[in-house]
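Written out below as structure tokens is the structure these notes cover.
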Amino acid sequence: MKIILLGPPGSGKGTVAKKMQIELGIPVISTGVILREAIDGNTELGKKVKSIMSKGELVPDYLIMKIIRERVEQKDCKNGYIFDGFPRNIEQARSLEKLNSEHSEQIDYIFYFEIPFSEIIQRLSSRRVCKKCSTNYNLLFKPPREKDICDLCGGDLYQREDDKAETVKNRLKVYEKQTLPLKNFYKEKEVLITVDANSSKNAFLEILKKLEGKKR
Ligand code: AMP
């Protein structure tokens, strides 16, 4: 099963994707996580994208498509995958269609995470992420049991550089201009399902309901 989670930054895609990975037994492909790992590892890719990401801009499509092509060909993707944070603009969506048609495949579900912008700003400013396993926490709604320590793996929690106030504003602008048009793009293809993302727990349950009986 191949799934896209679409929605603004901070709408809970990453949190829901991790739960879906466990439930469905297919991997999450998060371009944001892959890029942050490249920055942490100081790789060639990391050096290229660091300043772009710290400004909240989008990384060039050719770099993203290279990541995606390599990742979907790995063994663990043979039964499908969950895209989190990809595609991010119409160009990437078209490239994905091309890639899928090369393999005679298609995306089965696209879930759009609906949430007001006012809620997002609050969520992002209180978000903390595990350095080791990328699990998300929220200091207001889902704090870790021990301050700055991941409940799951004991890794250190940190605030993402791009979750700081100035960058968040730009990320939301970029989202509106470049990513939001994907909602209509996929709506016209009649594959988009909107979920209420005010609560990640409910969004996850709503998605499971839609997928009921379709697990592989
Ligand atoms: P995310 O973790 O999905 O919020 O992504 C964090 C940042 O990584 C974004 O603000 C972009 O700079 C970059 N990024 C992640 N995914 C993509 C993508 N599909 N296309 C372009 N840039 C991306």
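Values quoted throughout were computed directly from the atomic coordinates according to the rules given, and no laboratory measurement underlies them. Computed from a prediction, not measured in an experiment: that's the story for all the values here. As a convention, Cβ positions derive from the backbone with ideal geometry for all residues, glycine included, and neighbour counts pool all protein chains shown.
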- [ ] Assuming R0 = 22 Å, can you tell me the calculated FRET efficiency for the pair Thr194 and Gln106, based on Cβ-Cβ distance, to the nearest 0.05?
- [x] 0.65
Open item on the list: For a Förster distance of 35 Å, can you work out the FRET efficiency between the beta-carbons of Lys47 and Lys177, rounded to the nearest 0.05?
Closed with: 0.85
- [ ] Assuming R0 = 22 Å, can you tell me the calculated FRET efficiency for the pair Glu161 and Glu119, based on Cβ-Cβ distance, to the nearest 0.05?
- [x] 0.50
Task: Amide H within-cut-off set for Arg160, under 5 Å, with H built and near neighbours excluded - done: Val129
- [ ] Please work out the Cα convex hull volume for the range 1-62 and give it in Å³ per residue.
- [x] 111 Å³
Open item on the list: Exceeding 29 Å between C-alpha atoms, which entries from my cross-link table qualify? They are Lys47/Lys147; Lys75/Lys98; Lys48/Lys187; Lys75/Lys131; Lys18/Lys177.
Closed with: Lys47/Lys147; Lys48/Lys187
Task: For the range 158-216 and the range 1-73, distance of Cα centres in Å - done: 14 Å
Task: Translational diffusion of the chain, µm² s⁻¹ [Kirkwood Rh, Cα pairs; Stokes-Einstein; 37 °C; 0.692 mPa s] - done: 185 µm²/s
Open item on the list: If amide hydrogens are placed 1.01 Å from N in the peptide plane, which non-local residues have theirs closer than 5 Å to the one on Ile4?
Closed with: Phe83, Tyr109, Ile110, Phe111
Task: Helical contribution to [θ] at 222 nm, DSSP H n ≥ 4, -39,500 (n - 2.57), averaged over the chain, rounded to 500 - done: -13500 deg cm²/dmol
